[in-house]
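Okay, structure first, notes after.
The values are calculated or read from the model by the stated rules, or taken from the named source; none is laboratory data. Everything numeric in this text was worked out from a predicted model, so none of it was measured. Quick reminder, even Gly has a Cβ in these numbers, built from the backbone with ideal geometry, and neighbours come from all protein chains shown. Protein only, heavy atoms only, side chains kept; ligands, DNA and RNA dropped before computing areas. Shrake-Rupley method; radii C 1.70, N 1.55, O 1.52, S 1.80 Å.
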Amino acid sequence: MIVSLPPRWMLFTGALAALALAVPPFVIARVRATPDPNRAVHIFFDMDFQPKFRPQSVNPLFADGRAQRPSVLGTVARGEAGLDVHLSDGVVNGKWADTLPAGMTMSRELLDRGQQRYNIYCSACHGYGGYGDGTVNKRAMELMTNSAGPANGTSWVQAKSLHDPLVREHPLGMLFNIASNGIRTMAGYSAQIDTADRWAIAAYVQALQLSQNASIQDVPPEIRDNLKKEVK
Amino acid sequence: MSRFLFPRWSNLLLPTIILAAATIPVYAIFFVAYGLSPKTLEVGYQPEQPVPYSHALHAGELGLDCRYCHTSVEKAAHASVPATQTCMNCHTHIRPESPKLAKIKESYATGLPVPWIRIHKLPEFAYFNHSAHVSRGVGCVSCHGRIDKMEVVYQNEPLSMGWCLECHRNPDKNLRPLSEITNLAFDATAELSASEHQALKTKFDINPNDNCSTCHR
């Protein structure tokens, strides 16, 4: 059989079609490699979007657009009246409490929890060791000393060292209250941290203070020698 | 009128047609599997947010823990987007005049929420629970990627059913100790041995379901 080629235009169209087939893979590979605001394409909607409200979603029926309704001003949820001022404010008989509120006991677990929560919420400014040298504090101080003056109105006050003699005198209840409601330029954290966790943080802060102001006599005798070796 | 004769080259038509019939279905399957996969259609979704908040700065450079802002993640199904108050904890004092913070200040003054755009979306018949995962050894990075390196957040994983099941059927290598749960730089697969993964699986009593009703209600 003699092979003869079809007319040129046909070969040309065929080659072009084959080339065209090679384009989509490149386009897809490029799409996969580049983030883009127009992604999340739904080809089949199935029941992906349902007429219901999920947490923090939008409900256009309310003026503020919130599907989750904030509690009405002046109302108090059950158990949140703050009647136990020891628990909610850290106050006993008009003075700062020195003890944990009823139902909480000092334990290793409590301090561990306090440390974990401290490292999440407090260390940003106060630093892991409590010396007021957290990353946010460092950056804010840098902004304050910019050669061009404080950047965009920054007005930062050096975060307090928790080992400041004044802070070391704070009773447990006062530390709890500061964590809850803030003090001076520090904001309160009652919206971000549970009551029990704020107590755990207050307890941990006192443990941290003790750890940074301890003498060798505070160390149990059986581990003193090991500690001395480690320091050397 | 002379008789029509097929030209000699038409002998090539049959092999060409056979070749096309064999290739085109393979091509179509490839196109659907590769092109219409959630890895193409979903991954990389990077909407422009109302406020140019940088996770690379806050979670990366400053090293803020994810939970500083996303407070409900250990307790609830939904990992909450922070209240404007959380921004203002610091930004009352840090760069309060920055034009980038204008919408935050506006929200703080009016009490109206900032219209953040949700990136990671599941179909609304799938019920994912954050607390069930982060309190039992599945870290943030497993589903969200290196958020601490993203100037603008994008979706890093397909979040498809097949992708969920991959881990539900073989969770071991994605487990990490709770102390590293929000540590995005900790690579659980590389840094822990198989026996350590096994120990975590026992400790957390991980026995994931792949029943429909586990996620679909």
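Which count do you get for residues in segment B:70-111 that are more than 23 Å from residue A:120 (Cα to Cα) and acidic (Asp, Glu)?
Pass one, segment B:70-111, residues more than 23 Å from residue A:120 (Cα to Cα): B:96-103, B:105-111.
From what's left, acidic (Asp, Glu): B:97, B:106.
Total meeting the criteria: 2.
I'd like to know if segment B:145-160 contains one or more residues that are surrounded by fewer than 19 Cβ atoms within 10 Å (Cβ to Cβ), in a helix (DSSP H, G or I) and over 13 Å from the mean Cα position of the chain (by Cα).
yes
Is there a residue in segment B:20-37 that is touching a residue at least 60 places away in the same chain (Cβ under 8 Å) and either open to solvent by less than 30 Å² (accessible area, probe 1.4 Å) or within 7 Å of chain A (Cβ to nearest Cβ) (or both)? Walk me through it before giving the result.
Residues of segment B:20-37 touching a residue at least 60 places away in the same chain (Cβ under 8 Å): B:37.
After this cut, where a residue has to be either open to solvent by less than 30 Å² (accessible area, probe 1.4 Å) or within 7 Å of chain A (Cβ to nearest Cβ) (or both) as well, the list is B:37.
Within segment B:20-37, one or more residues are touching a residue at least 60 places away in the same chain (Cβ under 8 Å) and either open to solvent by less than 30 Å² (accessible area, probe 1.4 Å) or within 7 Å of chain A (Cβ to nearest Cβ) (or both).
Conditions tested, residue by residue: (1) open to solvent by less than 80 Å² (accessible area, probe 1.4 Å); (2) modelled with pLDDT of 90 or more; (3) touching a strand residue (DSSP E or B) at 6+ places or on another chain (Cβ under 9 Å).
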{"position": "A:180", "(1), (2), (3)": "yes, yes, no"}
{"position": "A:183", "(1), (2), (3)": "yes, yes, no"}
{"position": "A:195", "(1), (2), (3)": "yes, yes, no"}
{"position": "A:208", "(1), (2), (3)": "yes, yes, no"}
{"position": "A:219", "(1), (2), (3)": "yes, no, no"}
{"position": "A:222", "(1), (2), (3)": "no, no, no"}
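For residue A:55, are the conditions met, namely being over 30 Å from residue A:173 (Cβ atoms), assigned to a loop (DSSP other than H, G, I, E, B) and within 12 Å of chain B (Cβ to nearest Cβ)? Don't jump to the end; show me each part of the working.
Numbers: over 30 Å from residue A:173 (Cβ atoms): yes; assigned to a loop (DSSP other than H, G, I, E, B): yes; within 12 Å of chain B (Cβ to nearest Cβ): yes.
In short, yes.
Can you name the number of the only condition in (1) open to solvent by 20 Å² or more (accessible area, probe 1.4 Å); (2) of a type in the set (A, V, I, L, M, F, W, C); (3) in contact with a Ser or Thr (Cβ under 9 Å, 6 or more places away or on another chain) that residue A:227 fails?
(3)
Pull up segment A:1-23, narrow it to residues that are closer than 30 Å to residue B:43 by Cβ and modelled with pLDDT of 90 or more, then point me to the one that is farthest from the other protein chains (Cβ to nearest Cβ). Give the steps one after another, and end with the answer.
Keep residues of segment A:1-23 that are closer than 30 Å to residue B:43 by Cβ, which gives A:18-23.
Applying the additional criterion that residues be modelled with pLDDT of 90 or more yields A:19-20, A:23.
Working: A:19: 13, A:20: 11, A:23: 11 Å.
Of everything passing the filter in segment A:1-23, A:19 is farthest from the other protein chains (Cβ to nearest Cβ).
Taking the stated definitions as given, is residue B:106 acidic (Asp, Glu), farther than 30 Å from residue B:186 by Cα and more than 9 Å from chain A (Cβ to nearest Cβ)?
Values: acidic (Asp, Glu): yes; farther than 30 Å from residue B:186 by Cα: yes; more than 9 Å from chain A (Cβ to nearest Cβ): yes.
For residue B:106, the condition - acidic (Asp, Glu), farther than 30 Å from residue B:186 by Cα and more than 9 Å from chain A (Cβ to nearest Cβ) - is met.
Those residues that are without any contact (Cβ under 8 Å) to a residue 12 or more places away in the chain, touching a strand residue (DSSP E or B) at 6+ places or on another chain (Cβ under 9 Å) and closer than 30 Å to residue B:114 by Cβ, I need them from segment A:65-92; list them, please.
Of the residues in segment A:65-92, the ones without any contact (Cβ under 8 Å) to a residue 12 or more places away in the chain are A:65-66, A:69-83, A:85.
Checking which are touching a strand residue (DSSP E or B) at 6+ places or on another chain (Cβ under 9 Å) leaves us with A:65-66, A:85.
Passing the criteria: A:65, A:66.
Can you find a residue that is at pLDDT below 90 and within 8 Å of chain A (Cβ to nearest Cβ) anywhere in segment B:44-55? Break it down into steps so the answer makes sense when it comes.
Filtering segment B:44-55 for residues at pLDDT below 90 gives B:44.
Adding the requirement that they be within 8 Å of chain A (Cβ to nearest Cβ) leaves B:44.
The answer is yes, given that some residue of segment B:44-55 is at pLDDT below 90 and within 8 Å of chain A (Cβ to nearest Cβ).
How many residues does segment B:40-79 contain that are small (Gly, Ala, Ser), free of Cβ contacts under 8 Å to residues at least 60 places away in the same chain and buried (at least 17 other Cβ atoms within 10 Å of the Cβ)?
Total meeting the criteria: 2.
How many residues are under 16 Å from residue B:80 (Cβ atoms) and more than 9 Å from every other protein chain (Cβ to nearest Cβ) when one looks only at segment B:118-131?
Summing the residues that are under 16 Å from residue B:80 (Cβ atoms) and more than 9 Å from every other protein chain (Cβ to nearest Cβ) in segment B:118-131 gives 5.
Among the numbered conditions (1) surrounded by fewer than 17 Cβ atoms within 10 Å (Cβ to Cβ); (2) at positive phi, tell me where residue A:63 comes up short.
Among (1) surrounded by fewer than 17 Cβ atoms within 10 Å (Cβ to Cβ); (2) at positive phi, the lone unmet condition for residue A:63 is (2).
Residues that are closer than 13 Å to residue B:142 by Cα, at least 1 per element: which helices (runs of 4 or more DSSP H) completely within segment B:168-217 meet that?
Working: elements: B:188-191, B:194-203, B:212-215.
By residue number, B:188-191.
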